[in-house]
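The values are calculated or read from the model by the stated rules, or taken from the named source; none is laboratory data. All of these numbers come straight from a predicted model, not from anything done at the bench. Counting neighbours? That spans all protein chains shown, and the Cβs are built from the backbone with ideal geometry, glycine included. The protein model used for the area step is the full one, side chains on, heavy atoms only, and it has no ligands, DNA or RNA in it. Shrake-Rupley method; radii C 1.70, N 1.55, O 1.52, S 1.80 Å.
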Amino acid sequence: MGIVELDQSLFHLLNSEWTNSVFDTILPIWRDKYFWLPVYIFIISFAVFNQGKKAYWFLLFLIATAGAADLISSEGIKKNVKRLRPCNDTELVEVRSLVRCGSGYSFTSNHAANHFAVSFFLLGTIGIRKRKLRWALLIWAASIAYAQVYVGVHYPIDVLSGAILGVLVAKMFLWLYKASGQSVVME
């Protein structure tokens with residue numbers, strides 16, 4: 001069995017067999033970017049309240065991290081690899097589509113890239129020593145990536161590759177952030 005067949009088999013397990021009504025209800029909402037808007041507003045408010053003017057550099061780098069991950073995934077990788085989304089792949093026998101299937105390509109997952117980039121940037125600036133926060137950020141990013149497969153819009157390799165991309169982009173922007181003389185936001 002090749003990697004594509006293995007990826008499709010794992011997709012079938014996660015999307016069609018290992019399912020339940022609770023996840024069918026929660027995960028389409030969980031992966032929606034607007035659902036997380038209050039969290040993003042909290043992060044911005046927390047940074048500004050606790051760091052004052054220093055927060056602007058932190059926020060600039062955080063936004064640049066997410067933007068770079070998104071741009072590399074959507075413009076650099078997806079448009080060159082051109083892998084069909086599972087919900088648009090007519091060769092697959094069965095796909096449970098729980099959300100609207102996008103017209104774009106599948107590899108790599110922007111949701112995974114963006115959320116892992118944000119999570120790892122936050123880990124490097126505010127949460128590396130805070131065990132509960134570290135686990136919360138990792139579970140948050142991983143659960144959103146998993147939801148992409150569960151709802152039928154990405155293959156497992158798409159989200160795994162997106163996660164790796166997000167981590168690499170975050171590490172690069174963390175290095176730039178620290179090299180520019182910025183300090184950790186919260187110890």
Is it the case, given these coordinates, that residue 109 is open to solvent by less than 40 Å² (accessible area, probe 1.4 Å), closer than 15 Å to residue 168 by Cα and in contact with a Ser or Thr (Cβ under 9 Å, 6 or more places away or on another chain)?
yes
Output for Cβ contacts, cut-off 8 Å, separation at least six or different chains, first residue assigned to a helix (DSSP H, G or I) in region 1-25, second β-branched (Val, Ile, Thr) and open to solvent by less than 80 Å² (accessible area, probe 1.4 Å), reads 3/157; 7/157; 11/149; 14/149; 15/95; 15/149; 15/151; 16/95
Here the residues within region 94-111 that are over 11 Å from residue 69 (Cβ atoms) and either of a type in the set (Phe, Trp, Tyr) or touching a residue at least 24 places away in the same chain (Cβ under 8 Å) (or both) are 94, 95, 96, 97, 98, 99, 101, 102, 104, 105, 106, 107
Expected output for region 33-57 (first residue more than 19 Å from residue 119 (Cβ to Cβ) and among the basic types (Lys, Arg), partner at pLDDT below 90 and in a helix (DSSP H, G or I), Cβ below 9 Å, 6+ apart or cross-chain) is 54/47
Can we say residue 29 is open to solvent by 60 Å² or more (accessible area, probe 1.4 Å) and either among the aliphatic types (A, V, I, L, M) or within 17 Å of residue 165 (Cβ to Cβ) (or both)? yes
Filtering region 46-64 down to residues that are more than 22 Å from the chain's Cα centre (by Cα) and either modelled with pLDDT of 95 or more or open to solvent by less than 60 Å² (accessible area, probe 1.4 Å) (or both) yields 48, 51, 52, 55
Legend entry - Boolean, residue 114 is exposed (fewer than 14 other Cβ atoms within 10 Å of the Cβ), outside any loop (DSSP other than H, G, I, E, B) and free of Cβ contacts under 8 Å to residues at least 60 places away in the same chain: no
Subset of region 128-141, residues in a helix (DSSP H, G or I) and touching a residue at least 24 places away in the same chain (Cβ under 8 Å), comes to 140, 141
Screening 108, 125 for residues that are among the polar types (S, T, N, Q) and part of a helix (DSSP H, G or I) leaves only 125
How many residues of region 88-136 are of a type in the set (Lys, Arg) and under 15 Å from residue 167 (Cα atoms)? The answer is 1
Residue pairs within 9 Å by beta carbon, gap of at least six or interchain, first lying in region 71-90 and free of Cβ contacts under 8 Å to residues at least 60 places away in the same chain and open to solvent by less than 40 Å² (accessible area, probe 1.4 Å), second of a type outside the set (Lys, Arg) and part of a helix (DSSP H, G or I), listed first then second, are 74/110; 74/113; 78/110; 89/8
Over region 131-174, the set of residues in contact with a helix residue (DSSP H, G or I) (Cβ under 9 Å, 6 or more places away or on another chain), open to solvent by 60 Å² or more (accessible area, probe 1.4 Å) and under 15 Å from residue 117 (Cα atoms) is 134, 160, 164, 168, 171, 172
